[in-house]
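Below is one structure; the comments refer to it alone.
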């Protein structure tokens, strides 16, 4: 009698309904997985195995993981996106359209969207579908939500305005704006799916592994394609890859400074050699400059954390840096690139003819950008529209979009979306850095402190780089979107109490709780003189 009464209660019926829905969902996805496995197996049996087939199997496994848990899908999206370097892995399919002939996932010319975009759509479907099934959407909105949304709104305006003006190349317009909208999508997903310290650590381990794979690809490219003559090419990776490797270097150092997890402190240096080699071979002057500036800022944290180590490292390091710059002042090979980066700022009249030609092109390009902005100051020209070439430029017609996209990615936003778009971008950058600095001071130490500093420094480096080079690319926007989501959430995440670990032996002391958020410091950050 009591059992019958209990099973007729609304709560019991609700639990039973949820159990049945979960069982039904698992059955559906098991059936879908079996069907896709059989279909792919049939293709391999009839047509023979290929790298494309292996890629499709991995892709469908990632889709299955996405619908098992949306967070797993976010992990896959970030990892596969960060591995994809078009220069090193030309057939790698994740970031290329299904219409790209060189992609392993080539289907046909009509399919002008990429596996990445399909994956983002499926990820949103999984996240929202899970919320519908549970009848509850766990929505979290952090301090960066509105700056990102307003900026994204102006990007959509730029596309619509470019089309409305007439004469736009809609295909190029979509190529211009698509990566920027990835930032929005990934930011929203990260803000709502990354909710614990463990999740944050998973993301940065995936970044570490992805950059290590990119480093291995760079070494193989230098060996097989260049016969180790890395000076024979301008770069071996995409433009923004060097900035991403900067964050690898910073996180590796910060993990030791703030006593991060032993795994991170040991494994990151062990995995670093191919990453550092590829970084040097990429030969991006701006990346070397931004890394040097961030290492300079890091000395503030070193002084606060360990003054004895500060005096042991910083003065000798500064002397060695000066000696290096003087010794490699006129060396134009990859080994001298950091010195050439400093030389381009300190003595621009003494740089090599190649660097001078590059700088002159950018100067003329900036003049044309400024002319276009003065012609359309409020509205911009819109995506898909060419900028005005008032001053003749050298021929770089090998770059198909040279009349649409400029190296100065900061002024490019104003040129395309008008003053409103530019202002929204500046506001987004400012709020991101402000939130990042606040998060840094509130982190308790360890991995979370190291990640907070790395994320904030990435904001600064990315937009410094954007002022000098093309930076609104797919990889950069994935990384920026996920970093904004994490940094916006980090205080909320760290403020959650963690369960105490169990004692292994009864006579052990009671475990101490993990430290939580720290108060924002008052007064000067450095209370004594450095020297």
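Just so you know, all these numbers are worked out from the coordinates, no wet-lab data involved. Predicted model, so just to flag it, every value in this text is computed and none were measured. Because the Cβ atoms are built from the backbone with ideal geometry, glycine has one as well, and the counts that use them run over all protein chains shown.
The length gained by stretching the chain between residue 359 and residue 308 to full extension, at 0.36 nm per residue less their Cα-Cα distance, is 14.2 nm.
A full extension of the chain between residue 326 and residue 492 corresponds to an added length of 55.0 nm, given 0.36 nm per residue minus the alpha carbon distance.
Each residue in 470, 268, 225, 415 was given a count of other beta-carbon atoms within 10 angstrom of its own, and listing them fewest first yields 225, 470, 268, 415. A simple packing score, the average count of other Cβ atoms within 10 Å per residue, orders the peptides 294-307, 242-255, 68-81, 476-489 as 476-489, 242-255, 68-81, 294-307, with the highest score first. Counting neighbouring Cβ atoms within 10 Å and putting the fewest first, the residues 232, 409 line up as 232, 409. For region 119-168 and region 404-427, write down the distance between their C-alpha centroids in whole Å. Distance between centres, Cα-based: 20 Å. Of 159, 220, the sequence from fewest to most neighbouring Cβ atoms within 10 angstrom is 220, 159.
Can you give the FRET efficiency for residue 91 and residue 502, using 1/(1 + (r/R0)^6), R0 = 45 Å, r = Cβ-Cβ distance, to the nearest 0.05? Calculated transfer efficiency: 0.40.
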